[in-house]
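Enquirer: My questions will all concern the structure given below.
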Amino acid sequence: MMIMYKTIQAFFKTEDDAETVRAELNKLKTNDIIVDQLQDQDQTILLAPITFSGNYSTGMGSGGGIVPGFIVRDEVGDDAPREHTVECEVSEDDYPEALKIIMENDGHVDKNTFEG
């Protein structure tokens, strides 16, 4: 059986956060984990924090899973730049776990990760 992979890119405030996620992702079925620092801050990407929905703490099946969170910037005050990225391919089976790792380390992803 062939393993199918999905690309994931997450954004972090610090290099330490990104390196922690890289180490955790190494435990999953992944390819080409790259930690990088963004150089061009002129582009705007709409980022979404990750959160759980429903009563389940794992999985993305019906009734719950990992979904984009909603933040009201004025209440949270989380405007620190996210200049560090982790990008890799992760197996479809490990994708929910990868999102959980990112969430637990205050990572954000492009909102398009949850569309389609």
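Enquirer: Cβ-Cβ distance below 7 Å, separation of 6 or more or different chains: which pairs start in the stretch 69-97 with a residue that is surrounded by 13 or more Cβ atoms within 10 Å (Cβ to Cβ) and in a helix (DSSP H, G or I) and end on one that is at pLDDT below 95 and among the polar types (S, T, N, Q)?
Expert: P96/T58
Enquirer: If you go through the stretch 13-31 one residue at a time, do you hit one that is at pLDDT below 95 and part of a loop (DSSP other than H, G, I, E, B)?
Expert: yes
Enquirer: Quick check on the stretch 32-52. Is at least one of its residues at pLDDT 95 or above, exposed (fewer than 14 other Cβ atoms within 10 Å of the Cβ) and polar (S, T, N, Q)?
Expert: There is no residue in the stretch 32-52 that is at pLDDT 95 or above, exposed (fewer than 14 other Cβ atoms within 10 Å of the Cβ) and polar (S, T, N, Q).
Enquirer: State whether one or more residues within the stretch 94-114 are under 19 Å from L28 (Cβ atoms), modelled with pLDDT of 95 or more and over 12 Å from the mean Cα position of the chain (by Cα).
Expert: Checked the stretch 94-114: at least one residue is under 19 Å from L28 (Cβ atoms), modelled with pLDDT of 95 or more and over 12 Å from the mean Cα position of the chain (by Cα).
The values are calculated or read from the model by the stated rules, or taken from the named source; none is laboratory data. Please read these numbers as outputs of a predicted model, since none were measured by experiment. Heads up, the Cβs are rebuilt from the backbone with ideal geometry, glycines too, and the neighbour counts pull from every protein chain shown.
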